[in-house]
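Some notes on the structure that comes next.
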Amino acid sequence: MDKHFSEICEFLAKTDDAKTIARFLESLLTPKEVKTLSSRWQIVKLLDQGVPQRKIAKDLHLSLCKITRGSKELKKRNSILKKAISQYQTDG
């Protein structure tokens, strides 16, 4: 893992305030990057709910390639995305 990426991860791990994290990400990322990040999270949540990839692509006006990446990540053994979704559903 890249040193600078590790520093970002360490900061996020030490920060327990969602507003601070949002401000940090909005300061670091462009509005388009924030939208892309949000869209990817939406995609994996829909995939986890069993929504077909083609329906997601149509509804969100996205290519299947963007959705397939999320699908592959969810299928991995010990998927961190599945864990994150599960944790969010439990906490949220």
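Report the label-to-label distance for residue 26 and residue 83 in nanometres (one decimal), using points 7 Å from each Cα along the Cα→Cβ vector.
Simple spin-label model gives 3.0 nm for this pair.
What size of dipole, in debye to the nearest 20, comes out for the chain about its Cα centre when the only charges are +1 on Lys and Arg C-beta atoms and -1 on Asp and Glu C-beta atoms? Spell out each step's value before the answer.
On the way: 19 positive and 11 negative charges, 127 e Å.
It comes to approximately 620 debye.
Enumerate the whole-percent occupancy of each 5 Å bin, from 0 to the last occupied one, for all C-alpha pair distances of the chain.
2, 12, 18, 21, 22, 16, 8, 1
Among 8, 34, 53, which residue has its Cα positioned farthest towards the positive end of the charge dipole of the chain, with +1 placed on the Cβ of Lys and Arg, -1 on the Cβ of Asp and Glu, and the dipole taken about the Cα centre?
Going by the charge dipole, the pick is 53.
Roughly how many Å is it from the Cα centre of the stretch 44-72 to that of the stretch 1-37, as a whole number?
Distance between centres, Cα-based: 24 Å.
Suppose each label sits 7 Å from its Cα in the direction of the beta carbon; what would the residue 16-residue 91 distance come out to in nanometres?
1.1 nm
Using helices alone, I'd like the mean residue ellipticity at 222 nm for the chain: each DSSP H run of four-plus residues gives -39500 (n - 2.57), total over residue count, nearest 500.
Mean residue ellipticity at 222 nm (helix-derived): -24500 deg cm²/dmol.
7 Å from Cα along Cα→Cβ at both residue 35 and residue 72: what's the point-to-point distance in nm?
2.5 nm
Every number here is computed from the coordinates shown, using simple stated rules; none is lab data. Fair warning: this is a prediction, and the values are worked out from it, not measured in the lab. All Cβ positions, glycine included, derive from the backbone under ideal geometry; neighbour counts span all protein chains shown.
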